[in-house]
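Reading through the structure tokens given below for one structure.
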Amino acid sequence: MTDQPQTAHSELPGKPTSASRTTLSHIMTGSETNLYGTVHGGVIMKLADDAAGAVAGRHSGGPAVTASMDEMVFLEPVRVGDLVHVKAQVNWTGRTSMEIGVRVLAERWNESTPATHVGSAYLVFAAIDESGKPRPVPPVIPETEQDRRRYQEAQIRRTHRLARRRAIRDLRASRVAR
Ligand SMILES: CC(C)(COP(=O)(O)OP(=O)(O)OC[C@H]1O[C@@H](n2cnc3c(N)ncnc32)[C@H](O)[C@@H]1OP(=O)(O)O)[C@@H](O)C(=O)NCCC(=O)NCCS
């Protein structure tokens, strides 16, 4: 693993981050609250998955499915009447998978006050072909310093995800063999 964007292994031409960056906006209503009267975390997770799915589809040029969602962090409660903006972009690409970073902001729907950062998430999407098998994705080309930082941080998360998956598989295999 290096700190630089890897493009050499892909047969597809690269695509810049800005080509698929997307914002999904939604006003929260009373049907989306939990028992405490604030917006249910699952509603925010659904919006994050929707926005990330749009980005993954745009970047990969076809169907892409959620392989994992990790590090969904809720920083502030979201309330009824909040206009929520879910900003998503490709942080990193592998051969067939993409890490999509999602940043959730909220502002009162009828006030011109600055939006508050209320949550963040990282999702991995796999691009699939018509038979549901993983297919290659274009390498993402980070454009700004922030895009490059996100790319490098995504590589760290990727390494940890794979290591965790491998460690759990190895443990299960060793328990079966006992
Ligand atoms: C995601 C899916 C396509 C992976 O298929 P697979 O046969 O395991 O294929 P692979 O192991 O080759 O994985 C494909 C890519 O996804 C990545 N991936 C798979 N599972 C992952 C996980 N849990 N976390 C992170 N990345 C993962 C792999 O690292 C690989 O990336 P790379 O090619 O960039 O290195 C398959 O498990 C699937 O269809 N899952 C259901 C997805 C779905 O329906 N989501 C909606 C929920 S209702």
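Taking segment 39-52 as the region of interest, how many residues are more than 14 Å from the ligand (Cβ to nearest atom) and surrounded by fewer than 17 Cβ atoms within 10 Å (Cβ to Cβ)?
First pass over segment 39-52, keeping only residues more than 14 Å from the ligand (Cβ to nearest atom): 39-41, 43-44, 47, 51.
From the residues that got through so far, the ones that are surrounded by fewer than 17 Cβ atoms within 10 Å (Cβ to Cβ) too are 40-41.
So the answer is 2.
Filter segment 63-87 down to residues that are within 13 Å of the ligand (Cβ to nearest atom) and not hydrophobic (A, V, I, L, M, F, W, C) and give me whichever is nearest to Ser20 (Cα to Cα).
Filtering segment 63-87 for residues within 13 Å of the ligand (Cβ to nearest atom) gives 63-71.
When the remaining residues are screened for being not hydrophobic (A, V, I, L, M, F, W, C), the result is 63, 66, 68, 70-71.
On the way: Pro63: 14, Thr66: 17, Ser68: 20, Asp70: 21, Glu71: 22 Å.
The selected residue is Pro63.
Does Ser97 satisfy the condition of being out of contact with any strand residue (DSSP E or B) (no Cβ under 7 Å at 6 or more places or on another chain) and either on the phi < 0 side of the Ramachandran plot or away from the ligand (no atom under 16 Å from the Cβ) (or both)?
Values: out of contact with any strand residue (DSSP E or B) (no Cβ under 7 Å at 6 or more places or on another chain): no; either on the phi < 0 side of the Ramachandran plot or away from the ligand (no atom under 16 Å from the Cβ) (or both): yes.
No: the conditions fail for Ser97.
Only one of Ala127, Ala163, Ala154 is within 12 Å of the ligand (Cβ to nearest atom) and in contact with a Pro (Cβ under 7 Å, 6 or more places away or on another chain); which? Working first, answer last.
On the way: Ala163 fails: in contact with a Pro (Cβ under 7 Å, 6 or more places away or on another chain); Ala154 fails: in contact with a Pro (Cβ under 7 Å, 6 or more places away or on another chain).
Among Ala127, Ala163, Ala154, only Ala127 is within 12 Å of the ligand (Cβ to nearest atom) and in contact with a Pro (Cβ under 7 Å, 6 or more places away or on another chain).
I'd like to know if segment 124-145 contains one or more residues that are in contact with a Leu (Cβ under 6 Å, 6 or more places away or on another chain) and closer than 30 Å to Gly30 by Cβ.
no
If I filter segment 53-62 down to residues being over 10 Å from the mean Cα position of the chain (by Cα) and touching a residue at least 40 places away in the same chain (Cβ under 8 Å), which single residue comes out as nearest to the ligand (Cβ to nearest atom)? Give the derivation first.
Restricting attention to segment 53-62, the residues satisfying the condition of being over 10 Å from the mean Cα position of the chain (by Cα) are 54, 57-62.
Applying the additional criterion that residues be touching a residue at least 40 places away in the same chain (Cβ under 8 Å) yields 59-62.
Details: His59: 13, Ser60: 11, Gly61: 16, Gly62: 13 Å.
So the residue we want is Ser60.
Bear in mind that the values in this text are calculations on the coordinates, not laboratory data. Treat the numbers as computed from the prediction; the structure is a model and nothing was measured. Please note: Cβ atoms are built from the backbone with ideal geometry, for glycine as well, and neighbour counts cover all protein chains shown.
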